[in-house]
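Asks: Sharing a structure, written as structure tokens. Questions coming.
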Amino acid sequence: MAISTATIPGQVLTSAYVNNNINSGLTYISTVTLSAGSGTAAQWSGTVFSSTYTNYRLVCNLTRTGGGDAVNMQLGIGTTATTADYYGGGYLIGTSGAAAVTAFNQSNTDRWTRAFGRFTTVSGCVIDITNPNVATTTGIVSNSTGGNGDGDDNVCQFMGWQGGTTQFTSFALISTATSCAGTIQVYGYRIA
């Protein structure tokens, strides 16, 4: 969707012109609803990535029952996961009762670990994904907060890439402990 050129005095504005200019930089695509009943199995987003947008933003509000570690992400086509070439790393900051910063990394694994953060009770998370439906490397930058007064309170920043050239259409959330539920709003960055 291209941004229209500047107007001139006396110009009649068509609906197409106005529609091209009323949208913000982010265009809402869909809301992915995750069910706790799926337990630790991969919960797929459905088709959210397409050639309409190059880059995407995911705004996540998740609740997980039970303890454990990270909430991971895989990319795929439909419900067929790509299970190799995930790289990245980041920081866990200020876990409950400590001011420590803990670094972590991964190299050629089957998913992005901690893409949705590390938490026990509640997490708010914003993820930017670059080029998921383009035949090139897909990148990720994720910032999340977690915990609710429990032992896993933290801020998590994760950055990484998927090294293949697959044109992905979907992502999966995988909870490594018990079950995870909530919503993820998917937005496309408008192409100027």
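Asks: For labels at Ala100 and Gln185 in the simple 7 Å Cα→Cβ model, what's the distance in nm?
Replies: 3.6 nm
Asks: Output ³J(HN,Hα) for region 52-62: one whole-Hz value per residue in order, computed from phi by the Karplus curve 6.51 cos²θ - 1.76 cosθ + 1.60 with θ = phi - 60°, and x for Gly and Pro.
Replies: Per-residue couplings from phi come out as 5, 10, 8, 10, 9, 10, 10, 10, 10, 10, 10 Hz.
Asks: Using only the heavy atoms of the protein chains and a 1.4 Å probe, how would Ile77, Ile127 rank by accessible area, largest first?
Replies: The most accessible residue leads, giving Ile77, Ile127.
Asks: While we're here: What FRET efficiency, computed as 1/(1 + (r/R0)^6) with R0 = 22 Å and r the Cβ-Cβ distance, is obtained for Thr7 and Thr52, rounded to the nearest 0.05? Present the calculation step by step, with values, prior to reporting the outcome.
Replies: Working: r = 26 Å, r/R0 = 1.17.
Calculated transfer efficiency: 0.30.
Asks: Using r as the Cβ-Cβ distance of Ser107 and Thr165, and R0 as 30 Å, what FRET efficiency do you calculate, to the nearest 0.05? Mind showing how you got there, number by number?
Replies: Values: r = 19 Å, r/R0 = 0.63.
Using R0 = 30 Å, I get an efficiency of 0.95.
The values are calculated or read from the model by the stated rules, or taken from the named source; none is laboratory data. What you are looking at is a predicted structure, and each value in this text was computed from that prediction instead of being measured. Counting neighbours? That spans all protein chains shown, and the Cβs are built from the backbone with ideal geometry, glycine included. Keep in mind that these areas ignore ligands, DNA and RNA; they rest on the heavy atoms of the full protein, side chains included. Shrake-Rupley method; radii C 1.70, N 1.55, O 1.52, S 1.80 Å.
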